[in-house]
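The values are calculated or read from the model by the stated rules, or taken from the named source; none is laboratory data. Every value quoted in this text rests on a predicted model; they were computed, and no experiment measured them. Note that we place each Cβ from the backbone using ideal geometry, even for glycine, and neighbour counts take in every protein chain shown. SASA here: full protein model, heavy atoms, side chains in, ligands and nucleic acids out. Shrake-Rupley method; radii C 1.70, N 1.55, O 1.52, S 1.80 Å.
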Amino acid sequence: MRMGDAERVSGRGVRQREPGFILGHGACGDSDRIPTYPSRSSPGQTRNADGPPMQVPANAPPLLRTPQPGIPGACPPAVSLWLHLLPLAGLGVLLVWAGPLGGDQWLADRLYAWEGHAWSLRNAWITDTVIHVAGRNLNVVAWLVLFGCWVLACLPSSRRRALRRPLGYLLLATLVSCLAVSWIKSWSNMDCPWDLLRYGGQKAFVGLVELRPLGMGRGRCFPAGHASGGYAWMASYFFLLAVAPRWRWLGLGIGVGLGLVFGISQQLRGAHFLSHDLYTAGICWLVAFALYLAILRPAADAGRMARSGDGMP
């Protein structure tokens, strides 16, 4: 009998099973309990091992009336995985506006004019000292604290050894995201807005796929490096998906919120265009998702198969 299943005695004295519940897999986007029913032996009926057929409620959701592979009642894993690619589609739409349609210059023109036709906030206390310098340092401290938690979880006497893999995933995802952005910056060769003639600088604008004129110095402003320190923490979504699914959206909100704060402050300083931040967000999300598939998803699938083999949901 599945966990949560109950038996009741009908008016004829026949023992029948009532629907129980299983825990929905976090990757399906629903961590609440999902009602399940025994498998069908004929249309509209279920059969217990120790009793006569039982009618499946007519109002049962389709997923529950139709058995699914893996965990009964759980949504197909492929559907949930594809849903995690939707943010990249949204970023792609924004990038079309920011790049080919001129959204980068449109937004930077207004910020530049709002600051008095100068990047007045470039060296401001709030944008430079607090958000840029202190924010970067706090980000490093947070990563080191996370590393310490992972080390403690790896100790043989630790009661949190089950967190070794999720914490290791979060460590790796945040680090690889920042390193990937930094590596791309080393060869992308694009300038910051404050370097351009249009905004008081000394260089003409050269696009990402355009050849730079001979003698023009190198640019190291694409993608947005500082914003990667915030967007990298979007990996908290997948970490919490494995550890505490109900809190996964909080983890995503923290990563997106930090990325927006870091990114907008740098745009106000004239360090980046909007598209620089959008590319950074996409890289960080793609890294987090890819490492989730490589590190956390196989463990979740193995655990689900083990529970299914033991007759547990």
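Overview of results
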| read-out | value |
| --- | --- |
| Every pair of residues 6+ apart whose Cβ atoms lie under 8 Å, when the first sits in segment 253-274 and is over 15 Å from D128 (Cα atoms) and open to solvent by 20 Å² or more (accessible area, probe 1.4 Å) while the second is aromatic (F, W, Y) and in a helix (DSSP H, G or I) | I254/W233; V256/Y231; L258/Y231; L258/W233 |
| Residues that are touching a Lys or Arg at 6+ places or on another chain (Cβ under 7 Å) and open to solvent by 10 Å² or more (accessible area, probe 1.4 Å), drawn from segment 153-185 | C154, K185 |
| Filter result for S80 (within 25 Å of S177 (Cβ to Cβ), modelled with pLDDT under 95 and not hydrophobic (A, V, I, L, M, F, W, C)) | yes |
| Qualifying residue in segment 132-144 (condition: buried (at least 17 other Cβ atoms within 10 Å of the Cβ) and more than 20 Å from D277 (Cβ to Cβ)) | yes |
| Subset of segment 199-214 (residues that are under 20 Å from D277 (Cα atoms) and surrounded by 14 or more Cβ atoms within 10 Å (Cβ to Cβ)) | Y199, F205, V206 |
| Selected residue [over 20 Å from L296 (Cα atoms), modelled with pLDDT under 95 and among the polar types (S, T, N, Q)] from S158, S120 | S158 |
| Residue within segment 112-124 that is open to solvent by less than 60 Å² (accessible area, probe 1.4 Å), more than 30 Å from I295 (Cβ to Cβ), of a type in the set (D, E, K, R) and part of a helix (DSSP H, G or I) present | no |
| Pairs where the first residue, in segment 184-203, is part of a helix (DSSP H, G or I) and the second is β-branched (V, I, T), C-beta under 8 Å, 6+ apart | I184/I283 |
| Residues of segment 216-242 classified as of a type in the set (A, V, I, L, M, F, W, C) and at pLDDT below 95, total | 3 |
